[in-house]
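Below: one structure, written as structure tokens.
The values are calculated or read from the model by the stated rules, or taken from the named source; none is laboratory data. Bear in mind the structure is a predicted one, so any value in this text is a computation, not a measurement. Here Cβ is always computed from backbone atoms with ideal geometry, including for glycine, and neighbour counts include all displayed protein chains. For accessibility, only protein heavy atoms count, side chains too; no ligands or nucleic acids. Shrake-Rupley method; radii C 1.70, N 1.55, O 1.52, S 1.80 Å.
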Amino acid sequence: MSALVGTNRPEVVDADDWLHSARPSLRRGVRVGPELLEGARRVHVVYDPASEAYLRIGVKEAFLLRRMDGTATVAEIGAAYAAQFGRRLAAGNWAQLLALLHRHELTEPSDPVRLAELRTATLQRRRAAGRTLWHYRIPVPGMTRLLARVAPAAGWLLTPTVVVVGCLLGLAGSFALASDFGEIARTAGTGYSVSASLAAFVTWWLVVLAHELAHGMACLRYGGQPTEIGIMWRFPLLAPYCKVDDIFTFDRGQRVMTSFAGVYVHIAAQAPIALIWNLAQPDSWAHHVIAVIAAMNLISIVVNLVPVLHLDGYHMLEGWLSCLRLQTQSFTYVGSLIGRAGSPRADYSARARRIYLGYSLLAASIIIPLVAAVLTLWYRTLAPYVGAAGALAILATEAAILGILGRWAARRRVRRAQDQEARALANV
């Protein structure tokens, strides 16, 4: 039979000899993440730092990969697998799995040329996926390496004690600013000047940059590596971004803290913002600048924590629940309930049903009132100019256009998910 023996290269050998002599070993640095829920499936994310590729695998494959450390033979791993899953893998199954791992250069020894090719292909796919008319990412070369050099010296900023103190001070500042929000809004809306607006914008942009770098520093703190740092165009905003895909290989607490690191920067910033607001002379240039920053920071904290938007709050919830694509899978599950007249799909576990139904209800409780408020406000704005019938016609037209765009975006997401699935390792 054709199999991969200790050298991880195809060779014709006796099946029994191979099962008791081959000791497969994952390449150093390859990480197998914890179990995550994705729809009706339980999956694990495998990260290869050399090729920067992420692969989704099933529970059975993860069980096998975690035991491939070069010390156990195929037969020993197979015995553990049989005890766990009640099924013994044949030599042909092993040959197929190891050949697949070899194709992704996940086992020792690896081919440096092939690894370089895989890395190039991964980066090309990643950059192509982030470039559309409405969403465009431009990575800044060398930023991930620079952050990795700086992070050890600045890592104390994310230690538990400092984070707790920063949050307490930030919450105190937030309460002080919230109680004076009327005056902040009035000051922010008056005393306009080009220099004040520019100063507020630059300062705010730096706060957002610190927000993104905090995600990257937290990722490094837990043994990961940011995949990209750069500038992102997300219509109509231009802002910094930091991709921390390694989060899927972290444990629950680390996922939550890495997601929280960004909004933590905004919370901690509330303390100095409140101090400057109270010390600045009323209606001065500095008072106007800090009023604009205070208003934007307060709004950002609230917006970032809304679990419907794909921001920090959403990713914190996703990390705590140990889910992949929580929102998409929740809406898919609810759609399956509606399509089957309320009968839950049998292939979803009880835990999955609770999570997806619960999140859908939470999302509905946020989205429906928000949409109703926006529609009411927009209707009241239009009606004096075009009349009640005209306002309703405009709203109906806009709803139809948004529906078409939403359906198109949903299909794109499905195709992208299918492409990712095609690149994942096949289940055993």
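Restricting the stretch 83-103 to residues that are among the basic types (Lys, Arg) and out of contact with any Gly (no Cβ under 8 Å at 6 or more places or on another chain), the residue that is nearest to Arg67 (Cα to Cα) is Arg87.
Residue count for the stretch 187-241 under the criterion of being more than 30 Å from Ala53 (Cβ to Cβ) and either in a helix (DSSP H, G or I) or in contact (Cβ under 8 Å) with a residue 40 or more places away in the chain (or both): the result is 20.
Yes or no, residue by residue, for (1) of a type in the set (Val, Ile, Thr); (2) open to solvent by less than 20 Å² (accessible area, probe 1.4 Å); (3) modelled with pLDDT of 90 or more; (4) out of contact with any Pro (no Cβ under 9 Å at 6 or more places or on another chain):
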position: Ser197; (1), (2), (3), (4): no, no, no, yes
position: Gly216; (1), (2), (3), (4): no, yes, yes, no
position: Tyr222; (1), (2), (3), (4): no, no, yes, yes
position: Trp233; (1), (2), (3), (4): no, no, no, yes
position: Leu237; (1), (2), (3), (4): no, no, no, yes
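The listed residues are Arg416, Arg351, and the only one of them that is open to solvent by 60 Å² or more (accessible area, probe 1.4 Å) and at pLDDT below 85 turns out to be Arg416. Open to solvent by 50 Å² or more (accessible area, probe 1.4 Å) and within 17 Å of Gly230 (Cα to Cα): does that describe Val140? Yes, satisfied. Within the stretch 135-158, identify whether any single residue is among the β-branched types (Val, Ile, Thr) and farther than 25 Å from Arg28 by Cα, and answer yes or no. Yes, the conditions are met somewhere in the stretch 135-158.
Taking the stretch 155-184 as the search range and keeping residues that are open to solvent by less than 80 Å² (accessible area, probe 1.4 Å) and within 23 Å of the chain's Cα centre (by Cα), which one is modelled with the lowest pLDDT? Restricting to residues being open to solvent by less than 80 Å² (accessible area, probe 1.4 Å) and within 23 Å of the chain's Cα centre (by Cα), the top hit is Gly155. Scan the stretch 123-131 and tell me whether some residue there is touching a Lys or Arg at 6+ places or on another chain (Cβ under 9 Å) and modelled with pLDDT of 85 or more. So far as the stretch 123-131 goes, no, none of its residues is touching a Lys or Arg at 6+ places or on another chain (Cβ under 9 Å) and modelled with pLDDT of 85 or more.
For the stretch 114-132, name all the residues that are open to solvent by less than 50 Å² (accessible area, probe 1.4 Å), assigned to a helix (DSSP H, G or I) and either within 30 Å of Trp408 (Cβ to Cβ) or of a type in the set (Ser, Thr, Tyr) (or both). Ala121, Thr122, Leu123, Arg126 - these are the residues of the stretch 114-132 that are open to solvent by less than 50 Å² (accessible area, probe 1.4 Å), assigned to a helix (DSSP H, G or I) and either within 30 Å of Trp408 (Cβ to Cβ) or of a type in the set (Ser, Thr, Tyr) (or both).
Within this structure, Tyr192 fails the test of being open to solvent by 70 Å² or more (accessible area, probe 1.4 Å) and under 20 Å from the mean Cα position of the chain (by Cα).
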